[in-house]
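Data block below; observations after.
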Amino acid sequence: MGNQLLLSLTAGIFIGGVAGYLGSLMLSKRMALVAGPLGHLTLPGIALALLYDFNVSLGAFPFVILGIVLIWLFEIRTKLPIEALTAIVFASGVAITFLFLPIEQAETALVGDISRVTFWETVISVIVALFLFLVLKKIYSEMVLINISEDLAKSEGISVKKYNLVYLVLIAIIVALGVKMVGGLLTAALVAIPASAARNISGKLAHYTFGAMIIGAVSSSLGILLAELSEFPAGPLIILVNALIFLISIIFKR
Amino acid sequence: MENDFILKVENLWVRLDNQNIIENLSFQVKKGDVVTILGPNGAGKTVLLKALLGFLPYKGEIKWKSGIKIGYVPQRLPFIKDIPLSVNDFFKLKKSSEKETKEILDSVGFKEDFLKKKIGDLSSGQFQRILIAWALIRNPQVLLFDEPTTGIDISGEETVYNLLARLKQERDLTMLLITHDLSVVYKFSTDVICLNKHLICYGPPQEVLTLESLRELFGEEVKYYQHKHY
């Protein structure tokens, strides 16, 4: 049991930390909410993974990519707001899922199962999280500039399209990792809350990004520990710890 | 004479969403010129700057002097309140060292303590000065400026145009700027480009800004006021 807890904590700290880090970019791009629908969209993939017994992140990932491509195509075609299109696509994803996902397996799909993560899943999560961290670190300044003003970024010779594509792929990966931890319903919170809390207490960029990463990692580990001590699943507890930290951050708001 | 040219634009056409935004525009900018671009809303002024910067597809010729460095001050920046970004952070996005940032802030009239200020807390006048300073990092020879806010007294005694005039002297800059403000055109510019999709007038403002050209540019209802104090 001790080993299982250690595995869960390791995976949780890495996934939570890098989700917080990416979230700090998504907040500035006003895209934190998009991660929610994208999380919902993973549900058909998770359902397939549960039915045929393979890793849920692996099932989730192609569906996130499919969702992003669909939203992107619809946007070009219709010029509707991206939020509206996202809502259409994700609701369809959820609806399809409940056509064929056995209800007794729904809990894993909806709120995750980090408490049962295997050794190899942990290893892969850590490697992927580290990879995400390095790519994010590399593109961070440029992404901030793009978020502030695409024209300003272009005037610096930054290829906005290229960076946005990399950024979207990173989001897709983080969502796929996140559903393993907190399930399809709660992934948005995993990226949005740490960044929001960090913003409340930071006066400069370095504090904000580092803060988001730490808050993400700490709330994941606390949530997993609380799950160990209680009867409740880890996913919701992780999000609630995040929310609690956010509430505390309001008190210290600068 | 030929060596002096900074920018040559010939027969420029810009077409966006199946609509001609700029039609057959030609002009030249020489070293040290201050060229203002004057025109009503929707005349293609911002599109022209973006085409000159290479952000937009176009037909015709845009030829910058080779090796020229261009600084760009965009019209307005949304979303900057979303993240806690200090002035120093903002300059770091342009890989400016703290020493370089301090020097450039000083040259637009800010003290060192401004480094720690949050961008979101600045007034629009202060922010505009920060954007000008940002554009000046790495010493560009040309500054493109999209509509400096007119009438804002950016530091009590110095308007944005006084600041630009001073920077032009100190740094030997060539400038292209969009404006609505006729007094700026008269006081500040060596040449004016009157643009409303196509070129309506072009040359030194005292010569080419006539009642007729302004009517053609802004429509019949233009209230022309003679500038006695230039």
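Quick note: the coordinates plus some simple rules give every number you see, no bench work behind them. Owing to the predicted nature of the structure, the values given are computational and were not obtained by experimental measurement. As a convention, Cβ positions derive from the backbone with ideal geometry for all residues, glycine included, and neighbour counts pool all protein chains shown.
Highest-first packing order for the peptide set B:176-188, B:96-108 is B:176-188, B:96-108, based on the mean count of other beta carbon atoms within 10 Å. Let's test the formula: R0 of 25 Å, r as the Cβ-Cβ distance of B:E170 and A:K161. What FRET efficiency results, to the nearest 0.05? Efficiency for this residue pair is about 0.10. To test your reading of the geometry: what angle, between 0 and 90 degrees and rounded to tens, separates the Cα axis of helix B:160-171 from the longest principal axis of chain B? Approximately 80 degrees, to the nearest 10. Placing a pseudo-label 7 Å from each Cα along the Cα-to-Cβ vector at A:I251 and A:I76 gives an inter-label distance of 5.1 nm. Counting Cβ atoms of other protein chains within 10 Å of each Cβ in A:142-155 and taking the mean gives 6.
Comparing mean-square fluctuations of A:I96, A:I193, A:I148 from a GNM of chain A with C-alpha springs under 10 Å, the top value falls on A:I148.
Backbone geometry of region B:90-102 corresponds, through the Karplus equation with coefficients 6.51, -1.76 and 1.60 at θ = phi - 60°, to 3J(HN,Hα) couplings of 4, 6, 5, 4, 9, 6, 8, 6, 4, 5, 4, 4, 4 Hz, x marking Gly and Pro. Straight Cα distances below 22 angstrom link A:K253 to the lysines A:K29, A:K204, B:K81, B:K116, B:K117, B:K118, with same-chain residues fewer than 8 positions distant left out.
Peptide B:91-104 shows a mean partner chain C-beta count of 2 within 10 Å per residue C-beta. Between B:Q206 and B:D82, the simple spin-label model (points 7 angstrom out along Cα→Cβ) gives 4.9 nm. As a proxy for reagent exposure, A:W120, B:W134, A:W72, B:W64 were ordered by neighbouring Cβ count within 10 angstrom, fewest first; the result is A:W120, A:W72, B:W64, B:W134.
From least to most packed, judged by other beta carbons within 10 angstrom and beginning with the fewest, B:M175, A:M143 follow the order B:M175, A:M143. Bins of 20 Å, beginning at zero and ending with the bin holding the largest distance: percent of Cα pairs per bin for the protein assembly as shown, please. Spelled out bin by bin, the protein assembly as shown gives 22, 43, 27, 8, 0 percent.
Length gained on full extension, B:K8 to B:L199: 67.3 nm, using 0.36 nm per residue less the C-alpha separation. For the segment A:199-207, counting C-beta atoms of other chains within 10 Å of every residue's C-beta and taking the mean gives 5.
When B:S66, A:S115 are sorted by how many other C-beta atoms sit within 10 angstrom of their C-beta, beginning with the fewest, the order is B:S66, A:S115.
Under 30 Å of direct C-alpha separation, and excluding same-chain neighbours fewer than eight residues apart, B:K59 reaches these lysines: A:K79, A:K154, A:K161, A:K162, B:K8, B:K30, B:K31, B:K45, B:K50, B:K69, B:K197.
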